[in-house]
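Single-structure report; data block below.
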Amino acid sequence: MTDSSQHQKHQATISTTDSLADAPVGTTIAVSFHDVDRVQAQAAPSSVNNWEYFNGALLAVCFQYGNHHTVEGTAVMIGVGLALSAKHVFDEHRDALAAGEAVMFCFGLRPNGVLDIWHCYRMMTHNSGEFGDLELLSLTLVSDMPADHHFSLLSLTTRKPQPGEPVTVVGFRFEDSASRDSVHDPVALAGQMYLSQGAAGAFSYPIHDSVLAPYPTIEIFSGSLGGMSGGAVFDVNGHVVGITSLGLQGDDQQGPTLAAWWMSAYFWRPEPTWPAGLYQAGAAISEMPELVRIVGREHVQVLNEPQFALADWK
């Protein structure tokens, strides 16, 4: 992946901030939406070293049980403190999180080795299959506020990939978990960012099948690895069309992969509280044009929420 991606700048002013992020009342947050460059990649996942390319917008999902840490998925930052991931990444941890036996953090790498660390304080999903293998995370920044108060986000799109066009899958995989002897010790986690690319296959709506994927999916003829679940699936324009959900692997690791169509969450109302004053109470992610970029929003016709009609567009 190269470093020549385009950005669109938006500004938002918050009235106050969480005490964990050291920024005064009235701080202006600069937001840039990251359109990912086209890349050439193989169908089998390969590791890449330039994690900083996403400038903190692609997140690794880490679960902490006492002094034990494990990274088991990926998440996509679509708003400041608002990230999409795959529902199944969290299923075996839900009871422990609810009981306070586990804590969840996300982290993303910026240039020069700077790490953004986020604490997840709220999770939103739907058990109904029609809403897909999706989880919406509300996050609080617990590392230092960036000196320039700038956050990079990934752009969503309502466009469905055309059959045969190249689609890119990006996510993390961490092989091992790690423990530390005390809260003063650093945690060493070994992992990689992986990338694969393949032709878009069938778009399945309202479900792919009743067993493996009873929700809307986009098929990609490339592979994905455990840990890449929840990662970003990009179309040829560098916009997020879905979230990595299920990899069907053969010996050649060339898939296919099924992505959960992100549009299943179009009307979800997460009500994030960090940064305080930034998000309007009760707003759906489709109603946050300055905070969540949805390319092709004008092609969506709202019927009877949560029903909508989507025009095909290129």
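The values are calculated or read from the model by the stated rules, or taken from the named source; none is laboratory data. No experiment lies behind these values; they were computed from the predicted model shown. Using ideal geometry, Cβ is built from the backbone for each residue, glycine included, and neighbour counts are taken over all protein chains shown.
Structure above, values below:
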read-out: Condition check for Pro111: touching a residue at least 24 places away in the same chain (Cβ under 8 Å) and out of contact with any strand residue (DSSP E or B) (no Cβ under 9 Å at 6 or more places or on another chain); value: yes
read-out: Number of the condition not met by Ala96 [criteria: (1) touching a helix residue (DSSP H, G or I) at 6+ places or on another chain (Cβ under 8 Å); (2) assigned to a helix (DSSP H, G or I)]; value: (1)
read-out: Breaking point among (1) under 18 Å from Gly171 (Cα atoms); (2) out of contact with any Lys or Arg (no Cβ under 8 Å at 6 or more places or on another chain), for Glu52; value: (2)
read-out: Test: Thr27 is of a type in the set (Ser, Thr, Tyr), in contact with a Phe, Trp or Tyr (Cβ under 7 Å, 6 or more places away or on another chain) and either at pLDDT below 90 or closer than 30 Å to Asp251 by Cα (or both); value: no
read-out: Selection count, region 270-306, where residues are part of a loop (DSSP other than H, G, I, E, B), of a type outside the set (A, V, I, L, M) and loosely packed, with under 15 Cβ neighbours inside 10 Å; value: 7
read-out: Test: residue in region 80-91 that is loosely packed, with under 14 Cβ neighbours inside 10 Å, within 19 Å of Phe131 (Cα to Cα) and free of Cβ contacts under 8 Å to residues at least 12 places away in the same chain; value: yes
read-out: Residues of region 33-69 classified as within 27 Å of Leu248 (Cβ to Cβ), of a type in the set (S, T, N, Q) and at pLDDT 90 or above, total; value: 3
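Yes/no per residue for (1) surrounded by 24 or more Cβ atoms within 10 Å (Cβ to Cβ); (2) assigned to a loop (DSSP other than H, G, I, E, B):
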position	(1), (2)
Tyr53	no, no
Val61	yes, no
Gln64	no, no
Thr70	no, no
Gly100	no, yes
Phe107	no, no
Asp116	no, no
Pro161	yes, yes
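This table checks each residue for (1) assigned to a loop (DSSP other than H, G, I, E, B); (2) surrounded by fewer than 18 Cβ atoms within 10 Å (Cβ to Cβ).
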site: Tyr121; (1), (2): no, yes
site: Asp133; (1), (2): yes, no
site: Ser138; (1), (2): no, no
site: Asp144; (1), (2): yes, yes
site: Leu153; (1), (2): no, no
